[in-house]
1. Among the residues of region 4-51, how many are among the basic types (K, R) and in contact with a helix residue (DSSP H, G or I) (Cβ under 6 Å, 6 or more places away or on another chain)?
2. Being closer than 30 Å to V40 by Cα and not β-branched (V, I, T) is true for just one of L140, L93, L145. Which residue is that?
3. For G154, state whether it is within 23 Å of the chain's Cα centre (by Cα), under 26 Å from F35 (Cα atoms) and modelled with pLDDT of 95 or more.
4. Applying the selection to region 117-137, what residues are surrounded by fewer than 17 Cβ atoms within 10 Å (Cβ to Cβ) and outside any loop (DSSP other than H, G, I, E, B)?
5. Please enumerate the residues belonging to region 54-95 that are modelled with pLDDT of 95 or more and over 24 Å from M1 (Cβ atoms).
6. Quick one: how many residues across region 94-110 are of a type in the set (D, E) and either part of a loop (DSSP other than H, G, I, E, B) or in contact with a helix residue (DSSP H, G or I) (Cβ under 8 Å, 6 or more places away or on another chain) (or both)?
7. Look at region 161-180 and say how many of its residues are open to solvent by less than 70 Å² (accessible area, probe 1.4 Å) and touching an Asp or Glu at 6+ places or on another chain (Cβ under 9 Å).
8. Can you pull out every residue in region 52-76 that is in a helix (DSSP H, G or I) and either touching a helix residue (DSSP H, G or I) at 6+ places or on another chain (Cβ under 8 Å) or open to solvent by less than 90 Å² (accessible area, probe 1.4 Å) (or both)?
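The values are calculated or read from the model by the stated rules, or taken from the named source; none is laboratory data. Keep in mind that this is a model prediction, so the values were computed, not measured. Here Cβ is always computed from backbone atoms with ideal geometry, including for glycine, and neighbour counts include all displayed protein chains. The accessibility values were calculated without ligands, DNA or RNA, using every heavy atom of the protein model including side chains. Shrake-Rupley method; radii C 1.70, N 1.55, O 1.52, S 1.80 Å.
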Amino acid sequence: MVYVFNCSEQMDYKSCGNIYKGLAQTGAWGCFDEFNRISVEVLSVVAVQVKSVQDAIRDKKDRFNFMGEMIAMVPTVGIFITMNPGYAGRTELPENLKALFRPCAMVVPDFELICEIMLVAEGFQDARVLARKFITLYTLCKELLSKQDHYDWGLRAIKSVLVVAGSLKRGDPGRPEEEVLM
């Protein structure tokens, strides 16, 4: 089981600690999205909490002391974080916390491949050709149209349009696919 938590400035060390306690006792994985949105003061305490869970895993303990309470440990527990550095309101991780995680760089997603897969999932037969045309159109829109914030040419917008295209296709199966997508 993987639980994804959207982190925010409102998270404190107690709420994070309760989450880690639950993860450790169930063996589930926790992914903390935009982890560096949590305030640096809280992250300093969180480092101690994460280290105690990692130490219990490394030492193969069945029970361990977490924030003054003895709790059970299921060794399949995993704690993962994602960060978007460089945005306003994001903090740099404290060194003691940074040392507890192995960094992994991410790349820009392949929109055309994602689009093709979604089109196939929505029932389109000419998915490869249509995906190329669709992403070319979206790329041009992103580059040439207004840069205002309320225009979204990202993956969420692409997905939304493709889901609507799929429902249109199912609603009128005789209509040409290219016409449906347009």
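1. 0
2. Working: L140 fails: closer than 30 Å to V40 by Cα; L145 fails: closer than 30 Å to V40 by Cα.
Exactly one residue qualifies, and that residue is L93.
3. Spelling it out, it is not the case that G154 is within 23 Å of the chain's Cα centre (by Cα), under 26 Å from F35 (Cα atoms) and modelled with pLDDT of 95 or more.
4. Within region 117-137, I117, V120, A121, R128, V129, R132, K133, T136, L137 qualify.
5. N65
6. Of the residues in region 94-110, 1 are of a type in the set (D, E) and either part of a loop (DSSP other than H, G, I, E, B) or in contact with a helix residue (DSSP H, G or I) (Cβ under 8 Å, 6 or more places away or on another chain) (or both).
7. 8
8. S52, V53, Q54, D55, A56, I57
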